[in-house]
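Worksheet: the structure to be examined is printed underneath.
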Amino acid sequence: MAKVQYYIYVVELSKRVFSENRKFREANPQFNGVLECLYVGMTSKTPKERFEQHKTGYRNKKGYKISSNIVEKYGMYLRPSLYNHINPITTRAEALKMEETLAFELRRQRYAVWFN
């Protein structure tokens, strides 16, 4: 059986998320309104497949919603230039750590970023 690979992905969000979502705004006090609002995620699917799941409000076989409300409502498109150099990643633990690392790095660059 093929070993699972994980992928980091970045979605550009509409800037409306900053004005309309209090939690997003509070998580990004560094944001100056110049750069974009982003969502950073991790998946065992391709980034394109995962983005489509977010946009359609995907639910798993047990009926649990496993898509982000923020991406479903505000997601516009993938930003491969921000993540292609990272992928693929061989373990889930490494991918989770890289998701967080990339999110904080993008915040340091003054993007507004959401991740789980």
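The values are calculated or read from the model by the stated rules, or taken from the named source; none is laboratory data. For clarity, every value in this text was computed on a predicted model and none was experimentally measured. Cβ placement follows ideal geometry from the backbone for every residue including glycine, while neighbour counts extend to all protein chains displayed.
Give just the number: which of (1) out of contact with any Phe, Trp or Tyr (no Cβ under 7 Å at 6 or more places or on another chain); (2) over 19 Å from M98 (Cβ atoms) does I86 not satisfy?
With (1) out of contact with any Phe, Trp or Tyr (no Cβ under 7 Å at 6 or more places or on another chain); (2) over 19 Å from M98 (Cβ atoms) applied to I86, the lone miss is (2).
Among the listed residues G41, G75, G33, G57, which satisfies the condition of being among the small types (G, A, S) and touching an Asp or Glu at 6+ places or on another chain (Cβ under 6 Å)?
On the way: G41 fails: touching an Asp or Glu at 6+ places or on another chain (Cβ under 6 Å); G75 fails: touching an Asp or Glu at 6+ places or on another chain (Cβ under 6 Å); G33 fails: touching an Asp or Glu at 6+ places or on another chain (Cβ under 6 Å).
Exactly one residue qualifies, and that residue is G57.
Return the residues of segment 17-46 that are of a type in the set (S, T, Y) and either more than 17 Å from G75 (Cβ to Cβ) or without any contact (Cβ under 8 Å) to a residue 12 or more places away in the chain (or both); say none if nothing qualifies.
If the condition is that a residue be of a type in the set (S, T, Y) and either more than 17 Å from G75 (Cβ to Cβ) or without any contact (Cβ under 8 Å) to a residue 12 or more places away in the chain (or both), then S19, S44 are the ones that fit.
Right, L38: modelled with pLDDT of 95 or more, touching a Phe, Trp or Tyr at 6+ places or on another chain (Cβ under 6 Å) and not in a loop (DSSP other than H, G, I, E, B) or not? Walk me through how you get there before you give the answer.
Working: modelled with pLDDT of 95 or more: yes; touching a Phe, Trp or Tyr at 6+ places or on another chain (Cβ under 6 Å): yes; not in a loop (DSSP other than H, G, I, E, B): yes.
Yes.
A quick yes/no check of all residues on (1) surrounded by fewer than 19 Cβ atoms within 10 Å (Cβ to Cβ); (2) aliphatic (A, V, I, L, M); (3) not in a helix (DSSP H, G or I):
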{"residue": "M76", "(1), (2), (3)": "yes, yes, yes"}
{"residue": "A95", "(1), (2), (3)": "no, yes, no"}
{"residue": "A103", "(1), (2), (3)": "no, yes, no"}
{"residue": "R107", "(1), (2), (3)": "no, no, no"}
{"residue": "R110", "(1), (2), (3)": "yes, no, yes"}
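G57 is checked against (1) at negative phi; (2) surrounded by 13 or more Cβ atoms within 10 Å (Cβ to Cβ) and fails just one. What number does that condition carry?
(1)
Look through Y83, Y58 and report the one residue that is closer than 30 Å to A2 by Cα, of a type in the set (S, T, Y) and modelled with pLDDT under 95. Even if it seems obvious, please write down each step before you answer.
Values: Y83 fails: modelled with pLDDT under 95.
Unique residue meeting the criteria: Y58.
Restricting the search to segment 61-74, which residues are at pLDDT 95 or above and surrounded by 17 or more Cβ atoms within 10 Å (Cβ to Cβ)?
I70, V71, Y74
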